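Following this message is one structure expressed as structure tokens.
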Amino acid sequence: MKNVLSNSGLVIFDLDGTLYEGSEHFDYYAKHLMKKLSPVMYSSFYEEYEMMKAGNHVVQIGKAYDVNRDCLLTIDPIKLTVIKVEEWTGTVWSEEQTNKTFPNEVIFDFENIVALGDGWWLPFTLAKHYGIEDCYSSYLATKEFMVTEDFELKAIPGLREWILQLQAEGKVTVLVTNSDKEDVLRLLKELDLNDVFSHIVSSARKPSYTLEIFKHLIYQYDVKEEMTVSIGDNFINEIAPALLLGMKGIYIHPHGTTDETEASNLKVVRRITECF
Ligand SMILES: [Mg+2]
């Protein structure tokens, strides 16, 4: 970890799944979507969701989902091309069919081809597979749930002190998140992290604008790419663009192994606490 963070001048953090943990809100989202089905479907829907969470399903964080073809895509994170296609049953497409159907770089549009970047996308993918059209109202209901007293945000012990320590070492700490400003400020206040970032970029629309935002921050704070570190739980949103720019990345991957890569520019951790 020391290698990745030592000598860095700028550290860019993601918010959801990076600065707090827990999946209670994702479960709420899944159940809200489930209620849009006929009750006879509830148990198979939720069983599949539990399998996804446990990593025992073809739908997994890190892949992409083609909503119209109802299949899962494994994407080369740097070239953004499709390297494997799996149907819901697990059947793998031939190379010929894969290349014919996806000859070019994939464009993620949040509607037809979605990157399963974090836990929000598992219930979404499942709902689409079950034919649920409207996921957005359930997403909004979940966001509303997250501001009630019933929802307890799980702060990560030692995180505040660690970020303050990075600042004390002279590093600029920036938060770049897709959440909107109101959500961000509320979450940061609840996590006691409202004063640990020099700069906050909200509604960032990662991954579409990640490269632009990172480039701008590097320019604004006048640091070299190799002295800039991106920390996040979404490879496509936060890590691949960083590596592409010559930055370093700390990828938080709950099912990952820390020795997955020994590359000096990338570190894989299960939890951010491994950085402290
Ligand atoms: Mg995240």
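Taking only segment 201-217 into account, find how many residues are within 14 Å of the chain's Cα centre (by Cα) and not small (Gly, Ala, Ser).
Number of matching residues: 4.
Do you know which residues across segment 51-68 are touching a residue at least 12 places away in the same chain (Cβ under 8 Å) and in a loop (DSSP other than H, G, I, E, B)?
Gly55, Val58, Val59, Gln60, Gly62, Val67, Asn68
Against the condition surrounded by 20 or more Cβ atoms within 10 Å (Cβ to Cβ), farther than 14 Å from Gly117 by Cβ and not acidic (Asp, Glu), how does Val196 come out, does it pass?
yes
List the pairs whose first member sits in segment 1-30 and is under 19 Å from Val269 (Cβ atoms) and in a helix (DSSP H, G or I), whose second member is away from the ligand (no atom under 16 Å from the Cβ) and among the basic types (Lys, Arg), and whose Cβ atoms are under 7 Å apart, counting only residues at least 6 apart or on separate chains?
Val4/Lys248; Val4/Lys267
Anything in segment 199-244 that is farther than 19 Å from Val269 by Cα, away from the ligand (no atom under 13 Å from the Cβ) and hydroxyl-bearing (Ser, Thr, Tyr)? List them, or say none.
Of everything in segment 199-244, those that are farther than 19 Å from Val269 by Cα, away from the ligand (no atom under 13 Å from the Cβ) and hydroxyl-bearing (Ser, Thr, Tyr) turn out to be Ser202, Ser203, Ser208, Tyr209, Tyr219, Tyr221.
OK, next. Against the definition (within 16 Å of the ligand (Cβ to nearest atom) and closer than 27 Å to Ile239 by Cα), how does Lys154 come out, yes or no?
Yes, satisfied.
Could I ask something else about it? For segment 159-260, which helices (runs of 4 or more DSSP H) that fit wholly inside it have 3 or more residues that are of a type in the set (D, E, K, R) and in contact (Cβ under 8 Å) with a residue 24 or more places away in the chain?
Of the helices (runs of 4 or more DSSP H) lying wholly inside segment 159-260, those with at least 3 residues that are of a type in the set (D, E, K, R) and in contact (Cβ under 8 Å) with a residue 24 or more places away in the chain span 181-190.
Asn112 fails exactly one of the following numbered conditions: (1) out of contact with any Phe, Trp or Tyr (no Cβ under 6 Å at 6 or more places or on another chain); (2) away from the ligand (no atom under 16 Å from the Cβ); (3) under 13 Å from Glu24 (Cα atoms). What is the number of that condition?
In the conditions (1) out of contact with any Phe, Trp or Tyr (no Cβ under 6 Å at 6 or more places or on another chain); (2) away from the ligand (no atom under 16 Å from the Cβ); (3) under 13 Å from Glu24 (Cα atoms), Asn112 misses (3) alone.
Is segment 108-121 home to any residue that is part of a helix (DSSP H, G or I) and either at pLDDT below 90 or not polar (S, T, N, Q) (or both)?
yes
The values are calculated or read from the model by the stated rules, or taken from the named source; none is laboratory data. Just so it is clear, the model here is predicted, and its values are computed rather than measured. Don't worry about glycine lacking a Cβ; one is built from the backbone with ideal geometry, like all the others, and counts go over all protein chains shown.
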